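Worksheet: the structure to be examined is printed underneath.
Derivation of every value follows stated rules applied to the coordinates shown; laboratory data play no part. All values reported here derive from a predicted model rather than from experimental measurement. All Cβ positions, even for glycine, are placed from backbone atoms using ideal geometry, and neighbour counts span all protein chains on display.
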Amino acid sequence: MKTERMIDASNVPAERHRLYEDALAILTGTLIMSLGVIIYSKAMLLTGSTSGLALLLQYATGAQFWLVFSLINLPFYVLAVKRLGWMFALRTFLAVTLVALFSKLTAGWVEFARLDPIYATIVGGGLMGTGLLILFRHRTGLGGINILAIYLQEKFGIRAGYFQLAVDLAILAAAFFVLPPANLVLSVVGAAVVNMTLAINHKPGRYAGVT
């Protein structure tokens, strides 16, 4: 009879990410995130954080997502530099720029003849959550609430996904005057999908990679 041996992850030294691994992660994460944003934009759904705010402003004003997303993230780079360091701020600036660029380009790369709203809610939310997860594991955020969420988790152990869920619900409440009721309900479900993806998979100690 074999005896199972438990491995204490806290005693295993973290393996530092190589530069090319960080680069590939940022590229992959932003591409996945951008596809999720395009799906939500096509279905007129809303997510949370700064990307959700950018989508809300797009619906309300007609401004393009990539431009609004870039502009509203500018003030949060100060927090990134002060609290999480220059390298994190630079990676975040790169990620925000890539999401803005890819969201603009993806609209021309992908075209939906038909997009079921419920499917869009689940798949689009899952894509955005996965994209954020990849970026978080390489110490990269997407500005705004993502920066604050990572800071609170690293300093105080507050789960990033749960914190973002609370903030995202507040943002979704502001969409009451912009979105139809059915789209608003689906957006709440989508926010839960995004943040539960993070809450389940981005727990402290579960992933030991270091950038």
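If packing is taken as the average count of other Cβ atoms within 10 Å, what order do 138-145, 87-94 fall into, highest mean first?
Result, highest mean Cβ count within 10 Å first: 138-145, 87-94.
Between helix 117-136 and the chain there is an angle of about 40 degrees, using the helix long axis and the longest principal axis of the Cα atoms. Every Cα-Cα pair in the chain was counted, and those over 27 Å apart are 29% of them.
Using the Cα gyration tensor of segment 150-204, with a ≥ b ≥ c the square roots of its eigenvalues, what is the shape: rounded (a/c below 1.5), prolate (a/b larger than b/c) or oblate (neither)? Verdict is oblate for segment 150-204. At full extension, Ala113 and Ala173 could sit 18.6 nm farther apart than now, given 0.36 nm per residue minus the alpha carbon distance. The simple Förster model, with R0 at 41 Å and r as the Cβ-Cβ distance, assigns Phe156 and Leu67 a FRET efficiency of 0.75. The Cα atoms of segment 56-110 define a convex hull whose projected area, averaged across directions, is 4.2 nm². Against the main long axis of the alpha-carbon atoms of the chain, helix 160-174 sits at an angle near 10°. Once the Cα atoms are used to define both axes, helix 86-109 deviates from the longest principal axis of the chain by about 40 degrees.
Working from Cα pairs under 8 Å separated by at least six residues, relative contact order for the chain is 34 percent.
The Rg/Rh ratio of segment 11-85, with both radii computed over alpha carbons and Rh defined as the Kirkwood radius, is 1.10. Name the residue, out of Lys104, Lys82, Lys42, whose mean-square fluctuation peaks in a Gaussian network model built on the chain with Cα pairs under 10 Å. The residue that fluctuates most here is Lys82.
State to the nearest 20 debye the size of the charge dipole of the chain about its Cα centre, where the only charges are +1 on K and R beta carbons and -1 on D and E beta carbons.
380
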